[in-house]
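Encoded as structure tokens, the structure appears first; notes follow it.
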Amino acid sequence: MDIMPPSPAVGIEVRGLNLAKPIAAGEFAQLRTAWEANCIALSCGQNLGELEQVNFARLFGPLGRAVNDADPAKGGVHEATLYVSNVRVNGQVTGILPDGEMFFHSGTCYLERPAKASMLYAIETPLRGGDTLFANGFAAYDALPGRIKAKLSSMRALYVYDYKGNPTLRAGELAPEAKRAEHPGGGGQPVFNES
């Protein structure tokens, strides 16, 4: 197994590891340490079925349940999986976010104990476009001037899951049923679920 840093800002690329097969404890410990230090782990050329992906994800801890309030039928065989797709069959979309409408976000941050990670597995990708972008919030915070860090230290952030709402045309009030949680600002760390 080789671990390469494709960017100085965020992420590692893992080569020479077949995620569909059992992974030795030492190799997994090395992978997990590198992932935790760099936020994102990328492994190209994998051939995983849904349950193989679930089995690999389980190495990191207990799995959560995929949340899709808009259309619960878009999940996979396992409750932790969810399909993002613009493929239509008989005029009906087969996955969530068919028009690429997900804005920059942090997954499950609207929970009191957000998931520690999410795993994406590309089944089919376009030749152009369709990019998934990542940012390193730790590095962004570390780069802030001290006066801004000091100001943020006493603040809390409100995270809301309101998929039906329009984030660019937000009404004066949030929907009462919208899931929400507050987390510390200023470099404070939320308590994560291990899923």
(request) Determine the pairs where a residue that is in the same structural domain as P98 (by TED's automatic domain parsing), located within the stretch 122-147, has a partner that is β-branched (V, I, T) and part of a loop (DSSP other than H, G, I, E, B) with Cβ atoms under 8 Å apart, the partner being 6 or more residues away or on another chain. (result) E124/V87; F134/V10; F134/I40; A135/V10; N136/V10; A139/V10
(message) If I filter the stretch 127-138 for residues that are exposed (fewer than 12 other Cβ atoms within 10 Å of the Cβ) and among the acidic types (D, E), do I get at least one hit?
(response) yes
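In the stretch 134-157, is there at least one residue being assigned to a strand (DSSP E or B) and not small (G, A, S)? First the steps, then the outcome.
The initial filter retains those residues of the stretch 134-157 that are assigned to a strand (DSSP E or B), namely 156-157.
If we keep only those that are not small (G, A, S) too, we end up with 156.
For the stretch 134-157, residues assigned to a strand (DSSP E or B) and not small (G, A, S): present.
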(request) Can you work out which of the residues in the stretch 6-36 that are among the basic types (K, R) and not in a strand (DSSP E or B) is surrounded by the fewest Cβ atoms within 10 Å (Cβ to Cβ)? (result) K21
(request) Among the candidates A122, A70, single out the residue that is surrounded by fewer than 13 Cβ atoms within 10 Å (Cβ to Cβ), in a loop (DSSP other than H, G, I, E, B) and at pLDDT below 85. (result) A70
(request) Search the stretch 141-158 for residues being more than 17 Å from H183 (Cα to Cα) and of a type in the set (A, V, I, L, M, F, W, C), and hand back the single one that is surrounded by the fewest Cβ atoms within 10 Å (Cβ to Cβ). (result) A143
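The values are calculated or read from the model by the stated rules, or taken from the named source; none is laboratory data. In this text the structure is predicted, and so the values were computed from the model without any measurement. Neighbour counts run over all protein chains shown; Cβ positions are idealised from the backbone, glycine included.
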